[in-house]
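Student: Here's a structure for you.
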Amino acid sequence: MAIRYARSHAHFEGRCAVEEALALAEFLRRHPRGKVALAKCSSMHGALLQVILAMRPCVTSLPSDPLLAALIGAAVAPDLIPA
């Protein structure tokens with residue numbers, strides 16, 4: 001899996017596919033204060049972005065790819081990304 005779960009963090013790594021959306025939603029449901037780290041994410045299926053938008057976890061880091069970071073950064077509320 002391209003999403004690694006550790007306590008209250010979901011670490012996206014590499015290509016993150018649609019098959020991981022349900023597991024992410026379940027993780028965030030069980031961890032209401034869960035955080036999402038996207039620094040190592042190279043691509044993300046739209047279903048994963050929809051889970052992030054719907055469940056509103058704190059996004060601790062954006063992807064290093066400038067285009068992906070801009071798209072995700074524009075989609076998540078500014079208060080979800082800590083300064």
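The values are calculated or read from the model by the stated rules, or taken from the named source; none is laboratory data. Model, not experiment: these values are computed from the prediction. Positions of Cβ are generated from backbone atoms using ideal geometry, with glycine treated the same way; all protein chains shown enter the neighbour counts. Remember, those area values only see protein heavy atoms, side chains included, never the ligands or the DNA or RNA. Shrake-Rupley method; radii C 1.70, N 1.55, O 1.52, S 1.80 Å.
Student: Run through the stretch 1-44 and list the trypsin sites (Lys or Arg not before Pro) located in a DSSP loop whose Cβ has at most 12 other Cβ atoms within 10 Å. Provide the component values of the computation, followed by the final result.
Tutor: Working: sites: 4, 7, 15, 29, 30, 33, 35, 40; in loops: 7, 33.
Loop-located and lightly packed - 7, 33.
Student: Give me the accessible area per residue for the chain, probe 1.4 Å, as a whole number in Å². Let's see the in-between values first.
Tutor: On the way: 4910 Å² over 83 residues.
I get 59 Å² per residue for this part.
Student: Helix-only mean residue ellipticity at 222 nm, the chain, DSSP H runs n ≥ 4 weighted -39,500 (n - 2.57), per residue, nearest 500. What is it? Each step should come with its number before you reach the end.
Tutor: On the way: 3 runs with 30 residues, N = 83.
Rounded to the nearest 500, it is -10500 deg cm²/dmol.
Student: List the equivalent ellipsoid semi-axes of the chain in whole Å, largest first, each obtained as the square root of 5λ for an eigenvalue λ of the Cα gyration tensor. Walk me through the numbers on the way to the answer.
Tutor: Numbers: eigenvalues 55, 43, 26 Å².
Semi-axes (√(5λ), whole Å): 17, 15, 11.
Student: What is the extension gain from residue 45 to residue 75, computed as 0.36 nm multiplied by their sequence separation minus the C-alpha to C-alpha distance, in nm to one decimal? Intermediate results must be reported in sequence, preceding the final value.
Tutor: Numbers: separation 30, 0.36 × 30 = 10.80 nm, distance 1.39 nm.
Residue separation times 0.36 nm, minus the Cα-Cα distance, leaves 9.4 nm.
Student: What order do 44, 55 take when sorted by accessible area (1.4 Å probe), most exposed first?
Tutor: Working: 44 35, 55 75 Å².
I get 55, 44, largest accessible area first.
Student: Using only alpha carbon pairs under 8 Å that are at least six residues apart, calculate the relative contact order of the chain and give it in whole percent.
Tutor: Working: 138 pairs, mean separation 22.3, N = 83.
Value for the chain: 27 percent.
Student: Need one number: % antiparallel among DSSP beta bridges in the chain, to the nearest 5. Walk me through the numbers before you get to the answer.
Tutor: Details: 4 of 14 bridges.
DSSP beta bridges in the chain are roughly 30 percent antiparallel.
Student: If you don't mind, another one. Compare 57, 32, 66 in a GNM of the chain, Cα atoms joined below 10 Å, and give the one with the largest fluctuation.
Tutor: Top of the fluctuation ranking is 66.
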